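Worksheet for the structure shown next.
Only the coordinates and a few stated rules stand behind these numbers; no lab work does. Note that the coordinates shown come from a computational prediction; the quantities given were computed from them, not determined experimentally. Positions of Cβ are generated from backbone atoms using ideal geometry, with glycine treated the same way; all protein chains shown enter the neighbour counts.
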Amino acid sequence: MAITKDRKKELLDKAQDIFASSQSVVFAQVKALGANDTNAMRSAMNESGVGYNVIKKTLIGKALDDSTITGDRPEFEGELAVAYADDLIAPARLVQEFAKKHKKNVAIMGGVFDGEFMDKAAMTEIANIPDVPVLRGMFVNVINSPIQGMVIALNAIAEKKTA
């Protein structure tokens, strides 16, 4: 069924708003994904505060032409979905999670990260950044490691002197 001009204008405005107001946008190729899986993906994104829309490539292209995003725009192949949020990492991470579950049906094609276009490889790397609590744990481990090494060395010296 064809989209009316009013609906196209509405979608174009929505796309322009997404690119103007979001810190991070992920372009996802979604093909032959079942209704249940699509609804599960939308629900997971809504719970995480990530928006998700399927918009025609031509309308996305027009919205990107009007935006101030720098860099080389990735090529769009197949059906295009857009995941977006003010959180820099959440959209990429959620699309990556679904891409792992549905390897043939969902894939990251690129995105916009902090006002710059990113290719597929860069957005996949961003998606693999751990959550903040995990990063904090890693940081504590890095701080703790030299201290723990020093305690073990001092303990060995103390045991040697008492023996």
Could you tell me which of I89, N36, V151 has its Cα farthest along the dipole of the chain towards the positive end, charges placed at Cβ (Lys, Arg +1; Asp, Glu -1), taken about the Cα centre?
N36
Peptide ranges 59-66, 4-11 listed from the most packed, as the mean C-beta count within 10 angstrom indicates
59-66, 4-11
Report the label-to-label distance for M150 and V54 in nanometres (one decimal), using points 7 Å from each Cα along the Cα→Cβ vector.
5.9
Can you tell me the order of 136-142, 92-98 when each peptide is scored by its average per-residue count of other Cβ atoms within 10 angstrom, highest first?
92-98, 136-142
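Just check segment 21-77 against the gyration tensor rule for me: Cα atoms, a ≥ b ≥ c as the square roots of the eigenvalues, rounded for a/c under 1.5, and otherwise prolate or oblate depending on whether a/b exceeds b/c.
Note, shape of segment 21-77 comes out oblate.
Starting from 0.36 nm per residue, how many nanometres of slack lie between N141 and K9 once their C-alpha separation is accounted for?
The span from N141 to K9 would gain 42.3 nm if fully extended.
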Only four residue types carry charge here, +1 at the Cβ of Lys and Arg and -1 at the Cβ of Asp and Glu. Report the dipole size of segment 13-70 about the Cα centre in Debye, rounded to the nearest 20.
220
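Pull out the extension gain between K120 and V132, defined as 0.36 nm times the separation in residues minus the alpha carbon to alpha carbon distance; nm, one decimal.
Extra length available between K120 and V132 comes to 2.0 nm.
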At q = 0.20 1/Å the base-10 log of I(q)/I(0) from the Debye formula over the alpha-carbon atoms of the chain is -1.30
Dividing the mean separation of Cα pairs under 8 Å (6+ apart) by the residue count of segment 41-155 yields a relative contact order in percent of 24
When the chain is fully extended, how far beyond the present Cα-Cα distance does A32 get from T68, taking 0.36 nm per residue of separation?
9.7 nm
Work from the charge dipole of the chain (Cβ charges, +1 for Lys and Arg, -1 for Asp and Glu, about the Cα centre) and give the residue of F98, A2, G115 farthest towards its positive end.
F98
Quote the charge dipole size of the chain about the Cα centre in Debye, to the nearest 20; the model charges only the Cβ of Lys and Arg (+1) and of Asp and Glu (-1).
500
